[in-house]
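Chemist: The structure under discussion is supplied below as structure tokens; questions concerning it will follow.
What follows draws every value from the coordinates through simple rules; no lab data is involved. What you see is a predicted model, and the numbers here were worked out from it, not measured in a lab. So basically every Cβ, Gly included, is an ideal-geometry build from the backbone, and we count neighbours across all protein chains shown.
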Amino acid sequence: MGKKVSKIGVLTSGGDSPGMNAAIRAVVRTGLYYGLEMYGIMRGYQGMIEDDICKMESRSVANIIQRGGTILKTARCKEFFEYEGRKKAYDNLILRGIDGLVIIGGDGSFRGAVKFSEEFDIPCIGLAGTIDKDISGTDFTIGFDTAVNTAVEAIDKVRDTMDAHDRIFIIEVMGRDAGYIALHSGIATGAENILIPERKTNMDDVIASLLEKERRKKLVNLIVVAEGDDFGGANKVQSVLKEKLPNAEIRVCILGHIQRGGAPSSLDRLTASRMGYHAIECLLQGRYNVFVGIMNNKMHYMPLGDAVKNKGKISDEWLRIVKILAS
Ligand code: ADP
């Protein structure tokens, strides 16, 4: 057990994700419920360094649970990579008496928090706000479900036109290191091929499957590729396929940033609310420098450093399902 906390800062850092606002709301309202003073830190670690911090009351987080983005704004902050930057941030927190932090962000933000908590005596709690679900120790990350739903809605629309014209469509979704958005949206839209960074892409296999489908006169084919696939993105896949399938009409659609925005799904709102509540519980119980996840529908805590080191793994079962259902 560490010393008791009384003033908590909350910040969103790195890439934004839908549901961050719901998490801020849960952190602030739970903290206030327990009699803590709550502070919003603007633009992630940048606001900590620049002392861009404001006191938050219950009304400060009214009417935001349904909004995408983050009212605290987010940023990537170069200065925080250096000790001097982190020291400046620490000094600002000390002057204000802030003695605990809740960081809502991705693995980069947690790497920063790990360093900060090792150097200074301010406990940090990490909540995974990332659409990519590229962090181990949790079945859900805040924003993933919304991003998948957005991708599914877009792909369904593309499929209508794809079907009308008998085309092959290659759709690129987000996921630099993790293929979860591609996997989930691909399965949910009946994709014939799903290409993800976790598996080496064998383009000969993809071509063979398309040629076989061409023989069967199945001309509509959907390929979902994660932006970080080892073979390359959708444009690279298209250029190779065009060579090998000269008669096919092959189009590319890159979904891009629409996957980050929009109102969070109900699942993301629930996840964010539950995690936000438990972040404060952790600080009150002296469970410091942990990552708050949910596994098998139970809260799951692990040292922040472990959340950074381990990536989630995509099970072979899912890949087998993709293969069987695509026939
Ligand atoms: P995300 O949290 O979405 O993965 P980034 O990787 O951009 O996003 O990280 C967000 C911020 O966290 C960075 O801009 C930087 O301020 C901080 N950060 C990331 N990695 C480190 C590190 N190794 N040391 C210190 N700060 C870091």
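Chemist: Can you give the FRET efficiency for residue 165 and residue 300, using 1/(1 + (r/R0)^6), R0 = 41 Å, r = Cβ-Cβ distance, to the nearest 0.05?
Modeler: The formula returns an efficiency of 0.30 here.
Chemist: Take the alpha carbon atoms of segment 184-240, find their center, do the same for segment 100-140, and report the distance between the two centers in whole angstrom.
Modeler: 34
Chemist: Hey, another quick one. Would you mind estimating how fast the chain diffuses translationally, via Stokes-Einstein at 10 °C and 1.306 mPa s with the Kirkwood radius over Cα pairs, in µm²/s?
Modeler: 77
Chemist: Now, a different point. Counting other Cβ atoms within 10 Å, keep those with at most 10, restrict to DSSP loop, and tell me which chymotrypsin sites (Phe, Trp or Tyr not before Pro) in segment 1-80 are left.
Modeler: Sites meeting the loop and neighbour criteria: none at all.
Chemist: Using R₀ = 30 Å, calculate the FRET efficiency as 1/(1 + (r/R₀)^6) where r is the Cβ-Cβ separation of residue 285 and residue 64; round to 0.05.
Modeler: It comes to 0.65.
Chemist: Using 0.36 nm times the number of residues separating residue 91 and residue 254, minus their current alpha carbon distance, what extension gain do you get?
Modeler: On the way: separation 163, 0.36 × 163 = 58.68 nm, distance 4.37 nm.
My answer for the length gained is 54.3 nm.
Chemist: Continuing with the same structure: Rounded to the nearest 10 degrees, what's the angle between the helix 203-215 long axis and the longest principal axis of the chain, both from Cα atoms, 0 to 90?
Modeler: With rounding to tens, the tilt is 50 degrees.
Chemist: Could you state the number of Å between the C-alpha centres of segment 1-63 and segment 264-327?
Modeler: Going from one Cα centre to the other spans 20 Å.
Chemist: Relative contact order, percent, of segment 29-179 when contacts are C-alpha pairs under 8 Å separated by at least 6 residues?
Modeler: 15
Chemist: What trypsin sites (Lys or Arg not before Pro) does segment 150-214 have in DSSP loop regions with at most 16 other beta carbons within 10 Å? Provide the component values of the computation, followed by the final result.
Modeler: Details: sites: 157, 159, 167, 176, 199, 200, 213; in loops: 167, 176, 199, 200.
In loop regions of segment 150-214 (DSSP not H, G, I, E or B), the sparsely surrounded trypsin sites (Lys or Arg not before Pro) are 176, 199, 200.
Chemist: Continuing with this model, one more query. Check cross-link reach from residue 244 to the lysines: straight Cα distance under 24 Å, and skip same-chain residues fewer than eight apart.
Modeler: 200, 213, 217, 218, 236, 323
Chemist: Then there's this: Normalised by the number of residues in segment 145-260, what is the relative contact order in percent for Cα pairs under 8 Å and 6+ residues apart?
Modeler: 39
Chemist: Considering only DSSP beta bridges where both residues belong to the chain, give the percentage that are antiparallel (nearest 5).
Modeler: Values: 10 of 43 bridges.
Approximately 25 percent, going by the DSSP bridge assignments.
Chemist: On a 0 to 90 degree scale, rounded to 10, what angle separates helix 144-165 from the longest Cα axis of the chain?
Modeler: Roughly 20 degrees, rounded to the nearest 10.
Chemist: Mind checking segment 1-72 for trypsin sites (Lys or Arg not before Pro) that DSSP puts in a loop (not H, G, I, E or B) and that have at most 13 other Cβ atoms within 10 Å?
Modeler: Loop-located and lightly packed - 3, 4.
Chemist: Could you work out how much longer the chain between residue 270 and residue 242 gets when fully extended? Use 0.36 nm per residue separation minus the Cα distance between them, nm to one decimal.
Modeler: Extra length available between residue 270 and residue 242 comes to 5.7 nm.
Chemist: Considering Cα pairs under 8 angstrom that are at least six residues apart, work out the relative contact order of the chain and quote it in whole percent.
Modeler: The normalised contact order for the chain reaches 24 percent.
Chemist: Would you mind telling me the antiparallel percentage of the DSSP bridges in segment 29-170, rounded to 5?
Modeler: 40
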